[in-house]
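Asks: Can you read through this structure? Questions will come right after.
Quick note: the coordinates plus some simple rules give every number you see, no bench work behind them. Fair warning: this is a prediction, and the values are worked out from it, not measured in the lab. Here the Cβ is made from the backbone with ideal geometry for all residues, glycine too, and neighbour counts use every protein chain on show.
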Amino acid sequence: MTSNEERKTLILTGASRGIGHATVKRFSSAGWRVITCSRHAFPENCPWAAGPEDHIQVDLSNPDDTIRAAAEMRERLTDGKLHALVNNAGISPKGEGGARLNTLSTAMDVWRQVFEVNLFSTVWLAQGLKDELARARGAIVNVTSIAGSRVHPFAGSAYATSKAALAALTREMAADFGPLGVRVNAIAPGEIDTAILSPGTEKLVETIPLRRLGLPEEVAKAIYYLCTDQSSYVTGAELHINGGQHV
């Protein structure tokens, strides 16, 4: 980035591990300012330099706190521009012993918590940052899942349903934000090699055409593509990152 180029800013939710960590590193290496958000305070061992100064602690399961965080985000955007918003935060509660929660075993409060984090917070943040995104002619990327299009052996019913809804929401947002010059897309990861893999994933890998897990860095590259001019005429799309698992 040369001295006369505008420094771009990314706001990323769910930044504390896995795909979030890899995304921070990918954008930071390209010279972007990254404002991270998670329900945890900034961890001391995180790998990016400006982390403590550009981290916002937020409970996305609480809509009031999400709206509060959106206001704090606006204050931190001193030039009034946001070039990318990546909604990566997501929760997938498990039952006793890590059991999958299906439609018969998921309590009402769990359904509501999952949908608030995985779906509704995306709306509240997009509404709160609409003007800043429009000024930058920026991009929104929503992280869905392969579980949103099929019954998954490990992902719970509330998680899968929320991700299917997020794919539909991405299309709606693309139509609404398009006239503002803002592109909205989604990525749908499959089995990615992170610390939250479920036992038995190795058997699932045998059915994937590429016969391996995806890497967080591979997902981060796709997110970066959708936030840059390389994808300037792409909106309303859902990019499958799963080694062919969806075919």
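Asks: Of TYR233, TYR224, TYR159, how do they rank once you tally other Cβ atoms within 10 Å and put the fewest first?
Replies: Listing TYR233, TYR224, TYR159 from fewest to most nearby Cβ atoms yields TYR233, TYR224, TYR159.
Asks: If you don't mind, there's one more thing I want to ask. For HIS21, HIS246, HIS240, what's the fewest-to-most ordering of other Cβ within 10 Å of each Cβ?
Replies: HIS246, HIS240, HIS21
Asks: Now for a separate question. Taking the Cα-to-Cβ direction at ALA41 and at GLU5 and moving 7 Å from each Cα, how far apart do the two end points lie in nm?
Replies: Between ALA41 and GLU5, the simple spin-label model gives 3.6 nm.
Asks: What range in the chain is the longest one free of GluC sites (Glu not before Pro) that are in a loop by DSSP and have at most 15 other Cβ atoms within 10 angstrom?
Replies: Details: sites that count: GLU5, GLU6, GLU44, GLU206.
Counting only loop sites that pass the neighbour cut-off, the longest clear stretch is 45-205.
Asks: Now for a different question. Can you sort ILE56, ILE192 by how many other beta carbons sit within 10 Å, fewest first?
Replies: If I rank by nearby Cβ atoms, fewest first, I get ILE56, ILE192.
Asks: If I take R0 = 30 Å and measure r between the Cβ atoms of GLU218 and LYS94 in this structure, what FRET efficiency does the formula 1/(1 + (r/R0)^6) give, to the nearest 0.05?
Replies: With a Förster radius of 30 Å, E is 0.70.
Asks: Could you count how many Lys pairs in the range 9-241 have their Cα atoms under 24 Å apart, skipping same-chain pairs fewer than 8 positions apart?
Replies: For the range 9-241, the number of qualifying lysine pairs is 9.
Asks: Now a separate question. Under a GNM of the chain (C-alpha, springs under 10 Å), which listed residue has the highest mean-square fluctuation: MET108, MET73, MET173?
Replies: Sorting by GNM fluctuation, first place goes to MET108.
Asks: In sequence order, what are the phi-derived ³J(HN,Hα) couplings for the range 25-35 according to the Karplus relation 6.51 cos²θ - 1.76 cosθ + 1.60 with θ = phi - 60°, rounded to whole Hz, with x for glycine and proline?
Replies: 5, 5, 6, 4, 5, 8, x, 6, 7, 10, 9
Asks: Would you tally the net charge around LYS81, using a Cβ to Cβ cut-off of less than 14 Å, leaving LYS81 out, and scoring K and R as +1, D and E as -1?
Replies: Details: positive: ARG7, LYS8, ARG33, ARG74, ARG76, LYS130, ARG135, ARG137; negative: GLU5, GLU6, GLU75, ASP79, ASP131, GLU132.
Combined, the nearby Lys, Arg, Asp and Glu give +2.
Asks: Can you compute the radius of gyration and Dmax for the chain, using only the Cα atoms, both in Å?
Replies: Radius of gyration, then largest Cα-Cα span, for the chain: 17.4, 58 Å.
Asks: Suppose each label sits 7 Å from its Cα in the direction of the beta carbon; what would the ASP176-LYS203 distance come out to in nanometres?
Replies: 4.2 nm
Asks: Give or take rounding to whole Å, what are the principal axis extents of the alpha carbon atoms in the range 182-246, in descending order?
Replies: Principal-axis extents of the Cα atoms in the range 182-246, largest first: 40, 22, 15 Å.
Asks: May I pose another question? Which value in deg cm²/dmol, rounded to the nearest 500, describes the helix-derived mean residue ellipticity at 222 nm for the chain, given -39,500 (n - 2.57) per DSSP H run of n ≥ 4 and division by the residue count?
Replies: Result for the chain: -10500 deg cm²/dmol, rounded to the nearest 500.
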